[in-house]
Amino acid sequence: MNSLSFLVAFAVCLLFCGLLLPILKKAKAGQEILQYVTEHSSKQGTPTMGGIAFILAITLVSAIFCHWSNRPTAVAVAVFVSYGIVGFLDDFIKVRYKHNMGLRAYQKILIQLAIAVLVALYVYGEVAIGDKLRIPFSDIQVKIGFWIIPLIIFIYLACTNGVNLTDGIDGLATCTTICFLAGMIALLSRELRLLEKIGDTYAYVQTKDVITLCYISCGSLTAFLLFNVNDAKVFMGDTGSLALGALVACSAIFTRMSLFIPILGLMFVVSCVSVIMQVAYFKITKGKRIFLMAPYHHHLQKKKWSETRICVLYSVVTICIALILLCFGE
């Protein structure tokens, strides 16, 4: 059934991409390229907001194959769509006023924070998830009580901005997210056997549904990648990257696997940390830089790496980490 959900999601997203692209072109919804990213000057005017296609596909197909009567699953999809709407508002302002500044930084953070707080409070009181966390490289679960709330809030803010920063070159965020979700499928499939063994029925049902959601997401994103890989015909925009960040967070949070995110999602962490390091070092040294350009994928571009090669690097690293996690859990 999961294989079927992947194929249906692939076909639906392919259809939506084909329908959406001429609409975006007609609406002149072109991406405004930052002037200091000289390697991207040729991409000026490429249609953005392509994330609408896979958001619609994932939502529609999950309504067919997932159990929305299972409340945590419905909430996870709602959170995914909510962050997509925030990104859409940001993209719409950029397109409408023809500049690269959408929502103000504080506006975007406040909206993201509000959604994260609501989800954190919900998760804390949800019996299928609660305050339990799986410890990486072990079969141990721990209860952290009220501290699950600030942890979840931090995860949503980190994941949404991490994927957003990674979405800097053609196909990078798409490829990395596909590999992350594929890794989650493998890890959660192993987790299912453990949950069945210990008789945790609520968590078992929820984990099974999230696995299906990951299959659907991988199918949709694989179709989108055909339009998004170098030389991209469409960009996902903040519409897609914020939604994917929320999806990455949900796949782990709603299965008690939150602590796996910084490990399996290492390349998202690299994007965030490289920017933080660059800004901090620039201010401390009054003008010096650690990287030629941040985030790190732009540093690699400045080192004359092709966009395709960078995508392969990020994908391979994510896949290898997933295999390492699987080995330690056996």
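Quick check: anything in the stretch 304-323 β-branched (V, I, T), closer than 27 Å to F16 by Cα and either at pLDDT 95 or above or part of a helix (DSSP H, G or I) (or both)? Yes, the conditions are met somewhere in the stretch 304-323.
When the stretch 104-153 is limited to residues that are of a type in the set (S, T, N, Q) and outside any helix (DSSP H, G or I), the one that is surrounded by the most Cβ atoms within 10 Å (Cβ to Cβ) turns out to be Q141. Residues that are assigned to a helix (DSSP H, G or I) and more than 17 Å from T160 (Cα to Cα) within the stretch 256-295 comprise M277, Q278, V279, A280, Y281, F282, K283, I284, listed in sequence order. Within the stretch 257-291, if we keep just the residues that are in contact (Cβ under 8 Å) with a residue 12 or more places away in the chain, among the aromatic types (F, W, Y) and out of contact with any strand residue (DSSP E or B) (no Cβ under 8 Å at 6 or more places or on another chain), the residue that is surrounded by the most Cβ atoms within 10 Å (Cβ to Cβ) turns out to be F268.
When you go through V234, V163 one by one, which is the residue that is surrounded by 24 or more Cβ atoms within 10 Å (Cβ to Cβ) and in contact with a strand residue (DSSP E or B) (Cβ under 6 Å, 6 or more places away or on another chain)?
On inspection, the qualifying residue turns out to be V234.
Within the stretch 151-168, residues that are within 15 Å of N228 (Cα to Cα) sit with their Cβ atoms under 9 Å from residues that are part of a loop (DSSP other than H, G, I, E, B) and among the aliphatic types (A, V, I, L, M), at 6+ positions apart or across chains, in these pairs: D167/M236; G168/V37.
Is it true that G171 is on the phi > 0 side of the Ramachandran plot and in contact with an Asp or Glu (Cβ under 8 Å, 6 or more places away or on another chain)? Here the answer is yes, as G171 does meet what is asked. Condition check for I129 on (1) in contact with a Phe, Trp or Tyr (Cβ under 9 Å, 6 or more places away or on another chain); (2) of a type outside the set (G, A, S); (3) modelled with pLDDT of 90 or more: one failure, at (3). Please verify whether V248 is touching a strand residue (DSSP E or B) at 6+ places or on another chain (Cβ under 7 Å) and crowded, with 24+ Cβ neighbours inside 10 Å, treating the condition exactly as stated. So V248 fails the test. Restricting attention to the stretch 172-206 and to residues that are of a type in the set (S, T, N, Q) and under 18 Å from the mean Cα position of the chain (by Cα), the residue that is surrounded by the fewest Cβ atoms within 10 Å (Cβ to Cβ) turns out to be T176.
The values are calculated or read from the model by the stated rules, or taken from the named source; none is laboratory data. All of these numbers come straight from a predicted model, not from anything done at the bench. With ideal geometry, Cβ positions are generated from the backbone for all residues, glycine too; neighbour counts draw on all protein chains shown.
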